[in-house]
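Here's the structure, in structure tokens; my notes come after.
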Amino acid sequence: MSPARLTARATGALRGRVRAPGDKSISHRALILGGVARGETTVTGLLEGADVLATAAAMSALGAGVRRGDDGTWTVTGAPELTSAAIDCGNSGTGARLLMGAVAGHDVTVVIDGDSSLRTRPMARVTTPLAQMGARFEGERLPMTVRGGSLQAIRYRLPVASAQVKSAILLAGLRAAGLTEVVEPEPTRDHTERMLRAFGVEVGVQDGAEGRHIRLMGGQPLTATRITVPGDPSSAAFPIVAALITPGSEVVVEGVLLNPLRTGLFETLVEMGADLKVENAREISGEPVGDLVARHSRLAGVTVPADRAPSMIDEYPILAVAAAFAEGDTHMDGLGELRVKESDRIALTAEGLAACGVQVDERPEGMTVRGLGHAPPGGGTVRTLGDHRIAMSHLVLGLASEAPVIVDEPEMIATSFPGFAALMARLGADIMEA
Ligand code: S3P
């Protein structure tokens, strides 16, 4: 039985070396691309969180062979022609939206469902372009039925900065007649483009006046490959911020993905005065990777440029925690998308921090955290509405606040960071059942 609540208490300095779990975005893509490629793809370092396991089960239901070896290596035997199925994406927006694109060009009927959070999330952003290509959808939110078939390539300018939407269109474009082109006004994470190339697909990327243009010609086959998944910067963010706010700490997180479209949080923390360094920079499976060394730091509030949002979209709740300890205010804008994540993350961050004695001014598309310049009182019981990142962010706050912090629904942490409390405990953190 998973605990109903977790409590984080201050225990003093955090020290040690840990490895962040595999990157969630890359893990989903490895299973989906491997699942439609010719041959056997091997994946090491796959994130074995609930979101990714739901995608593994979905690809298997759609006809791919998906197996975990005893050594933790996953093997995906591609099914270049997918079959009809009913799939459950659990809590995962990435899984649901990418799979819609992946099945759209196959002659299949797929029923896609998810948990109560995913059932509330907007899907029109993906179904609109996919319907323009020729796929048919029943329902506006999950559960939805997708009827795939022959697709025609489109040129599509993203109305929201979303790698999920871009990726869904590119995945559908693989099976469409003609040249698919996605134009993104602001660049978003490019793991789909990079990984498609690893599977032998030609993908053109060009920056122009309108933004970034990504083009691929339909009908290109994917050839199985080997993928090593680097550590997830969105998960590494938690032990790193914990070290920055806890006096006397020095923590190394090894093997973290440092793709420049994912490192906005680290850039922002350095601007706030964080002692945060990269060691052992290298490349893994076509992605930049390094070990991050974080030491306790005096932080100062900053204004985060709005155009940085896509490169740190999942990291605002944990940035808000760092900002609570900083001297002065931290302003964050361009965050409309945060309201339609696993929860309304602006509202829940403001509510959770307020419960711990930190004032946050909420705006429709932004927030300002009134930094205290010292440890906040803490002592709050934080409502997470099942959002894993809201839970982890407030637990990190509790490691350095005056009184313990309690979060509800901690079982949801396993969607992206299974073993979070155990990993933090190896650094000396006290996160226990309430
Ligand atoms: C993701 C893209 C982001 C991010 C999500 C993972 C991806 O969502 O929030 O956790 O893997 O493409 P959006 O594309 O909706 O911004």
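Scan Ile413, Ile431, Ile346 and give me the residue that is under 22 Å from the mean Cα position of the chain (by Cα), within 26 Å of Val251 (Cα to Cα) and crowded, with 24+ Cβ neighbours inside 10 Å. Working first, answer last.
Numbers: Ile431 fails: under 22 Å from the mean Cα position of the chain (by Cα); Ile346 fails: within 26 Å of Val251 (Cα to Cα).
Of the residues listed, the single one that is under 22 Å from the mean Cα position of the chain (by Cα), within 26 Å of Val251 (Cα to Cα) and crowded, with 24+ Cβ neighbours inside 10 Å is Ile413.
For first residues located in segment 161-177 and over 12 Å from Leu130 (Cα atoms) and open to solvent by 10 Å² or more (accessible area, probe 1.4 Å), partners that are polar (S, T, N, Q) and more than 7 Å from the ligand (Cβ to nearest atom) and lie 6+ apart or on another chain with Cβ distances below 6 Å form the pairs Ala177/Gln152.
Of the listed requirements (1) touching a strand residue (DSSP E or B) at 6+ places or on another chain (Cβ under 8 Å); (2) touching a residue at least 60 places away in the same chain (Cβ under 8 Å); (3) among the aliphatic types (A, V, I, L, M); (4) not assigned by TED's automatic domain parsing to the domain that holds Ile313, Leu31 misses just one: (2). Restricting the first member to segment 237-255 and to residues that are more than 19 Å from Asp314 (Cα to Cα) and at pLDDT 95 or above, and the second to residues that are in a helix (DSSP H, G or I) and not aromatic (Phe, Trp, Tyr), the beta-carbon pairs closer than 7 Å and six or more apart or on different chains are Ile245/Ala322; Ser249/Ala243; Glu250/Ala243; Val251/Pro239; Val251/Ile240; Val251/Ala243. Scanning segment 204-219 for residues that are within 17 Å of Met133 (Cα to Cα) and either within 16 Å of the ligand (Cβ to nearest atom) or of a type outside the set (Lys, Arg) (or both) yields Ile214, Leu216, Met217, Gly218, Gly219.
Entry remark, segment 78-105: residues being in contact (Cβ under 8 Å) with a residue 40 or more places away in the chain and open to solvent by 30 Å² or more (accessible area, probe 1.4 Å) number 1 in total.
Can Arg121 be described as basic (Lys, Arg), open to solvent by less than 20 Å² (accessible area, probe 1.4 Å) and within 16 Å of the ligand (Cβ to nearest atom)? Judged against the criteria, Arg121 is a match. A single member of Val256, Val278, Val270, Val289 is open to solvent by 10 Å² or more (accessible area, probe 1.4 Å), part of a strand (DSSP E or B) and over 26 Å from Leu174 (Cα atoms), and it is Val278. For segment 64-74, the count of residues that are buried (at least 24 other Cβ atoms within 10 Å of the Cβ) and either outside the structural domain of Arg295 (by TED's automatic domain parsing) or farther than 21 Å from Asp190 by Cα (or both) is zero.
Applying the condition of being touching a residue at least 40 places away in the same chain (Cβ under 8 Å) and in a loop (DSSP other than H, G, I, E, B) to segment 292-305 and asking which residue is most open to solvent (accessible area, probe 1.4 Å) yields His296. For segment 230-240, the count of residues that are in a loop (DSSP other than H, G, I, E, B), more than 30 Å from Arg155 (Cβ to Cβ) and either in contact with a Pro (Cβ under 8 Å, 6 or more places away or on another chain) or within 16 Å of the ligand (Cβ to nearest atom) (or both) is nonzero.
Do you know which of the residues in segment 219-229 that are open to solvent by less than 20 Å² (accessible area, probe 1.4 Å) and assigned to a loop (DSSP other than H, G, I, E, B) is farthest from Glu193 (Cα to Cα)? It would help to see each step written out before you state the result.
Let us first name the residues in segment 219-229 that are open to solvent by less than 20 Å² (accessible area, probe 1.4 Å), namely 222, 227, 229.
Still in the running and assigned to a loop (DSSP other than H, G, I, E, B): 222, 229.
On the way: Leu222: 13, Val229: 15 Å.
Of everything passing the filter in segment 219-229, Val229 is farthest from Glu193 (Cα to Cα).
All of (1) among the acidic types (Asp, Glu); (2) farther than 20 Å from Pro310 by Cβ; (3) open to solvent by less than 10 Å² (accessible area, probe 1.4 Å) hold for Glu351 with one exception: (3). Among the residues making up segment 178-203, those that are closer than 25 Å to Ile227 by Cα, more than 14 Å from the ligand (Cβ to nearest atom) and open to solvent by 30 Å² or more (accessible area, probe 1.4 Å) are Arg197, Ala198, Gly200, Glu202. Annotation: of all residues in segment 306-339 being surrounded by fewer than 21 Cβ atoms within 10 Å (Cβ to Cβ) and over 20 Å from the mean Cα position of the chain (by Cα), the one that is farthest from the ligand (Cβ to nearest atom) is Glu327. Restricting attention to segment 124-160 and to residues that are of a type in the set (D, E, K, R) and more than 16 Å from the ligand (Cβ to nearest atom), the residue that is surrounded by the fewest Cβ atoms within 10 Å (Cβ to Cβ) turns out to be Glu140. Within segment 325-334, does at least one residue satisfy the condition of being in a loop (DSSP other than H, G, I, E, B), under 23 Å from Glu184 (Cβ atoms) and touching a Pro at 6+ places or on another chain (Cβ under 6 Å)? For segment 325-334, residues in a loop (DSSP other than H, G, I, E, B), under 23 Å from Glu184 (Cβ atoms) and touching a Pro at 6+ places or on another chain (Cβ under 6 Å): absent. Check segment 248-258 and report whether any residue there is within 22 Å of Ala354 (Cα to Cα) and more than 16 Å from the ligand (Cβ to nearest atom). No, every residue in segment 248-258 fails to be within 22 Å of Ala354 (Cα to Cα) and more than 16 Å from the ligand (Cβ to nearest atom). Do we have Val358 as touching a Lys or Arg at 6+ places or on another chain (Cβ under 8 Å), more than 16 Å from the ligand (Cβ to nearest atom), farther than 20 Å from Pro404 by Cα and open to solvent by less than 20 Å² (accessible area, probe 1.4 Å) here? No, not satisfied.
The values are calculated or read from the model by the stated rules, or taken from the named source; none is laboratory data. This structure is a prediction, so every number in the text was calculated from the model and none was measured. Neighbour counts are summed over all protein chains in view; Cβ atoms, including those assigned to glycine, are modelled from backbone coordinates with ideal geometry. With ligands, DNA and RNA removed, areas are computed over all heavy atoms of the protein, side chains included. Shrake-Rupley method; radii C 1.70, N 1.55, O 1.52, S 1.80 Å.
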